1. Where Lys and Arg each count +1 and Asp and Glu each count -1, what net charge lies around residue 65 among other residues with Cβ under 15 Å from its Cβ?
2. What does the net charge come to around residue 148 if you take all other residues with beta carbon closer than 13 Å to its beta carbon, with K and R at +1 and D and E at -1?
3. Positive end of the dipole of the chain, charges at C-beta (+1 Lys, Arg; -1 Asp, Glu), about the Cα centre: which of 79, 1, 12 has its Cα farthest in that direction?
4. Based on Cβ point charges of +1 for Lys and Arg and -1 for Asp and Glu, what charge dipole magnitude is obtained for the stretch 1-136 about its Cα centre, in debye rounded to the nearest 20?
5. In square angstrom, what is the accessible area per residue of the chain with a 1.4 angstrom probe?
6. Here is the link list: 100/174; 86/166; 100/179; 28/100; 86/174; 30/61. Which ones come out longer than 32 Å on Cα distance?
7. Ignoring ligands, DNA and RNA, what percent of the accessible area of the chain is carbon or sulfur (1.4 Å)?
8. Please give the net charge around residue 125, taking every other residue with its beta carbon less than 14 angstrom from that of residue 125, where Lys and Arg add +1 and Asp and Glu add -1.
Amino acid sequence: MDFLAVLDYEHLDNGVFLNSFAKSLARKDKRGIIIHGDSEHTERIIQTGVMRDQAQIRAIKELNHRLVALFADEGISTIALNGFQKSLITFDDSSINIDKKQIENLPDHPMVLISNLCLDERTNQYAPLPLSRMATALSARFEIEEITIFSVDESSDIIKQDFPEKMSIRDIDKSFIEKHIPENLRDLATDVRIRTGSDF
């Protein structure tokens, strides 16, 4: 795998970003893993009377299908999985286990899209795994040096940003973090590449 990209809560409900991301992905001649969780779509499902836990699970599954359709519109072949399928990703309080062989045995060409619905070994039920934990575990398992995340500053796609090739969130000043780093990824302990949808 050549890269690992994280589609976070804020970006998954942003149609303009998703379209520019898909167009950038179509230009890539590399193969990577893209992971995602839920979005504002969860809140909309809750408003129909569904409990939060179930709404979140439903939103993640629906987003997994929507992203495949979006990528297909750009001619991107994608294998979409939920982390719990065939116990691909299991977790408990202290560890995350990834069946690397299963991912490596997938067909060569398509992108791999994985949701953060993984198997919780404590309950034997699937549940959302925090994206930062999932991303850190995948980058270690596949020896991908830095995780690609996307700036939440909407002007970044309009005004050219010179983001460093890689950086550690722990070493960045607070104002930069608040301006660019998605809230649910601010605890990432690995190096990151910050990009916009169009310069991915």
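The values are calculated or read from the model by the stated rules, or taken from the named source; none is laboratory data. As the structure is a prediction and not an experimental result, all values here were calculated from the model. Every residue, glycine as well, gets a Cβ built from its backbone with ideal geometry; the counts of neighbours run over all protein chains shown. Surface areas here come from the heavy atoms of the whole protein model, side chains and all, with no ligands, DNA or RNA. Shrake-Rupley method; radii C 1.70, N 1.55, O 1.52, S 1.80 Å.
1. Counting the neighbours of residue 65, the net charge comes to 0.
2. -2
3. 79
4. Numbers: 15 positive and 19 negative charges, 56 e Å.
With Lys and Arg at +1 and Asp and Glu at -1, about 260 debye.
5. 50 Å²
6. Working: 100/174 35 Å; 86/166 34 Å; 100/179 35 Å; 28/100 23 Å; 86/174 40 Å; 30/61 26 Å.
100/174; 86/166; 100/179; 86/174, as the Cα separations exceed 32 Å there.
7. Summing carbon and sulfur atoms, their accessible area is 47 percent of the total for the chain.
8. -3
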